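The values are calculated or read from the model by the stated rules, or taken from the named source; none is laboratory data. Predicted model only: the values in this text are computed from it and were never measured. No Cβ is skipped: glycine too gets one built from the backbone with ideal geometry, and neighbour counts run over all protein chains shown.
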Amino acid sequence: MKIYLYFSNSCRNFVRFFIEAPKYMHITLGSQSPRRRELMSGLDIPFKSIVIDADESYPSELQGGEIPSYISRAKAKAYQPRLQEDELLITADTIVWLQETGGGMMLGKPRDEDEACEMLRMLSGRVHQVFTGVTFTRREASGSYQMETIVDKTDVRFRKLKEEEIQWYVKKYRPLDKAGAYGVQEWIGYVGVDGINGSYYNVMGLPIERVYEYLVARLGLSVGEE
């Protein structure tokens with residue numbers, strides 16, 4: 001399938017560019033996150049999004065990036081009985097990780113506004129890590145499944161937040177659906193984040209650059225001029 005764009009060059013001749021996705025592969029994003037859907041849409045390739053009901057618990061000994069890697073694979077396994085041979089499933093999970101002396105702490109989605117405020121107090125004035133695990137799953141003709149998982153890490157630094165700022169953000173934006181109780185693309189990101197080392201999109205919930213690299217390398221996604 002080719003998606004065409006037409007541009008006029010300096011000689012006033014029209015040049016046709018295209019993005020071509022493999023004809024045999026339908027892409028399914030297994031996520032209910034509007035941010036991940038938005039990022040996938042930015043690649044200009046057709047895909048559908050679905051909600052996967054999966055157990056997101058994980059072994060207590062896992063640390064850092066091992067956690068979202070494990071959960072993204074659990075999501076993929078929950079969908080496998082429905083996976084078709086011409087389908088690529090993309091599942092993802094994102095966590096905020098706060099490194100402490102002698103170990104670390106995973107910050108998931110807050111249960112209520114009080115916990116959201118407490119998470120932001122913990123992040124205030126400190127550097128934390130955002131890990132996203134992305135799993136790509138295909139079904140072979142033999143009936144077996146091929147799963148590949150990547151993990152992306154971004155360091156994020158918050159300046160010291162005032163209590164009034166924390167309360168304002170939580171009350172207005174209610175970030176109960178976000179790991180670490182914040183969205184970098186929202187008000188708190190504008191005023192509170194003063195440094196990022198790594199992918200900004202990873203902090204949003206999907207390292208879309210890495211997804212694009214996979215589609216090019218494994219499925220032959222191409223961009224060209226005719």
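Which of the residues spanning region 114-142 are in contact with a strand residue (DSSP E or B) (Cβ under 9 Å, 6 or more places away or on another chain) and more than 17 Å from ILE67 (Cβ to Cβ)? Those that are in contact with a strand residue (DSSP E or B) (Cβ under 9 Å, 6 or more places away or on another chain) and more than 17 Å from ILE67 (Cβ to Cβ): LEU120, MET122, LEU123, SER124, GLY125, ARG126, VAL127, PHE136, THR137, ARG138, ARG139, GLU140.
When restricted to residues that are assigned to a helix (DSSP H, G or I), in contact (Cβ under 8 Å) with a residue 24 or more places away in the chain and under 17 Å from VAL127 (Cβ atoms), region 165-190 contains 4.
Okay, residues lined up against (1) among the β-branched types (Val, Ile, Thr); (2) at pLDDT 95 or above:
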{"position": "THR101", "(1), (2)": "yes, no"}
{"position": "GLU113", "(1), (2)": "no, yes"}
{"position": "LEU120", "(1), (2)": "no, yes"}
{"position": "LEU123", "(1), (2)": "no, yes"}
{"position": "ARG126", "(1), (2)": "no, yes"}
{"position": "VAL130", "(1), (2)": "yes, yes"}
{"position": "ILE150", "(1), (2)": "yes, yes"}
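Of all the numbered requirements in (1) within 15 Å of GLY42 (Cβ to Cβ); (2) surrounded by 14 or more Cβ atoms within 10 Å (Cβ to Cβ), GLU213 misses one, and that requirement is (2). Counting only strands (runs of 3 or more DSSP E) that sit completely within region 59-145, those holding 1 or more residues that are hydroxyl-bearing (Ser, Thr, Tyr) and either in contact (Cβ under 8 Å) with a residue 60 or more places away in the chain or surrounded by fewer than 18 Cβ atoms within 10 Å (Cβ to Cβ) (or both) correspond to 87-100, 127-139.
When residues in region 72-97 are screened for being under 22 Å from ARG218 (Cβ atoms), in contact with a strand residue (DSSP E or B) (Cβ under 7 Å, 6 or more places away or on another chain) and not hydroxyl-bearing (Ser, Thr, Tyr), 14 of them pass.
Could you pull out the residue among ILE19, ILE45, ILE27 that is assigned to a loop (DSSP other than H, G, I, E, B), of a type in the set (A, V, I, L, M) and modelled with pLDDT under 95? Selected residue: ILE45, the only one of ILE19, ILE45, ILE27 that is assigned to a loop (DSSP other than H, G, I, E, B), of a type in the set (A, V, I, L, M) and modelled with pLDDT under 95. When the criteria are applied in full, GLU56 meets the requirement of being under 30 Å from ILE166 (Cα atoms) and in a loop (DSSP other than H, G, I, E, B). In region 191-208, the residues that are surrounded by 23 or more Cβ atoms within 10 Å (Cβ to Cβ) reach residues that are in a loop (DSSP other than H, G, I, E, B) and at pLDDT below 95 with C-beta atoms within less than 6 angstrom, at least six apart or across chains, in these pairs: GLY205/SER33. Taken together, the residues in region 134-192 that are acidic (Asp, Glu), out of contact with any helix residue (DSSP H, G or I) (no Cβ under 6 Å at 6 or more places or on another chain) and under 25 Å from TYR214 (Cβ atoms) amount to 3.
When region 146-164 is filtered for residues that are in contact (Cβ under 8 Å) with a residue 40 or more places away in the chain, surrounded by 17 or more Cβ atoms within 10 Å (Cβ to Cβ) and either more than 15 Å from the chain's Cα centre (by Cα) or assigned to a loop (DSSP other than H, G, I, E, B) (or both), the ones remaining, listed by number, are VAL156, LEU161. Say we look at region 29-58 and pick out the residues that are closer than 19 Å to VAL96 by Cβ and hydroxyl-bearing (Ser, Thr, Tyr); which of these is surrounded by the most Cβ atoms within 10 Å (Cβ to Cβ)? The qualifying residue surrounded by the most Cβ atoms within 10 Å (Cβ to Cβ) is SER31.
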